[in-house]
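Reviewing the structure listed below.
The values are calculated or read from the model by the stated rules, or taken from the named source; none is laboratory data. In this text, all values refer to a predicted model and were calculated from it rather than measured experimentally. We place every Cβ from the backbone using ideal geometry, glycine too, and count neighbours over all the protein chains shown.
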């Protein structure tokens, strides 16, 4: 067992875990944050994306102990007093069907819009390459992301 100390959705979490515990399993089984889904266990589908220290990470690709000292935001942590604008746009523009891929898509979209507040369709499709949706055909997902975009905004420097 290894000691783990992380911040998850703004709250400090200390735990003793097995070294082999994947971050996605720690979040789901130990913290009951079930938004990050286990879809493939091979990092292909993107259903498990969370933000680790401000960067999107497929949580099935890292051990929880690797996140020691990190700040993690899950899909549950995006909504503070209401839906995050990307979550609301997915709802409004029907960017989900079965919903299995939605948490990973939303987390990826939030990161994309942080890096580039006005992505075009090609940039959105490129950003979503690591996320698989088997239901929607991506059209409404792209519409939802474009709806939150800030037209004419330049990406932040650096």
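Given the conditions (1) modelled with pLDDT of 85 or more; (2) not in a helix (DSSP H, G or I), which single one is not true for residue 112?
If we test residue 112 against (1) modelled with pLDDT of 85 or more; (2) not in a helix (DSSP H, G or I), just (2) comes out false.
Of the residues in the range 16-57, how many are out of contact with any helix residue (DSSP H, G or I) (no Cβ under 6 Å at 6 or more places or on another chain), over 24 Å from residue 79 (Cβ atoms) and not in a loop (DSSP other than H, G, I, E, B)?
Residues in the range 16-57 being out of contact with any helix residue (DSSP H, G or I) (no Cβ under 6 Å at 6 or more places or on another chain), over 24 Å from residue 79 (Cβ atoms) and not in a loop (DSSP other than H, G, I, E, B): 2 in total.
Residue 117 versus (1) farther than 16 Å from residue 133 by Cβ; (2) at pLDDT below 95; (3) surrounded by 15 or more Cβ atoms within 10 Å (Cβ to Cβ); (4) within 15 Å of the chain's Cα centre (by Cα): which is the lone unmet condition?
Just one mismatch for residue 117, condition (4).
Check the range 90-102 and report whether any residue there is buried (at least 17 other Cβ atoms within 10 Å of the Cβ), farther than 20 Å from residue 134 by Cβ and in contact with a helix residue (DSSP H, G or I) (Cβ under 6 Å, 6 or more places away or on another chain).
No, the conditions are met nowhere in the range 90-102.
For the range 74-88, indicate whether the set of residues that are closer than 15 Å to residue 36 by Cα, crowded, with 23+ Cβ neighbours inside 10 Å and over 14 Å from the mean Cα position of the chain (by Cα) is non-empty.
No: the range 74-88 contains no residue that is closer than 15 Å to residue 36 by Cα, crowded, with 23+ Cβ neighbours inside 10 Å and over 14 Å from the mean Cα position of the chain (by Cα).
Given the options 72, 124, name the one that is in the same structural domain as residue 58 (by TED's automatic domain parsing) and within 22 Å of residue 57 (Cβ to Cβ).
72
Condition (residue is part of a loop (DSSP other than H, G, I, E, B) and either within 30 Å of residue 12 (Cβ to Cβ) or modelled with pLDDT of 90 or more (or both)) applied to the range 127-135: is it met by at least one residue?
The answer is yes, given that some residue of the range 127-135 is part of a loop (DSSP other than H, G, I, E, B) and either within 30 Å of residue 12 (Cβ to Cβ) or modelled with pLDDT of 90 or more (or both).
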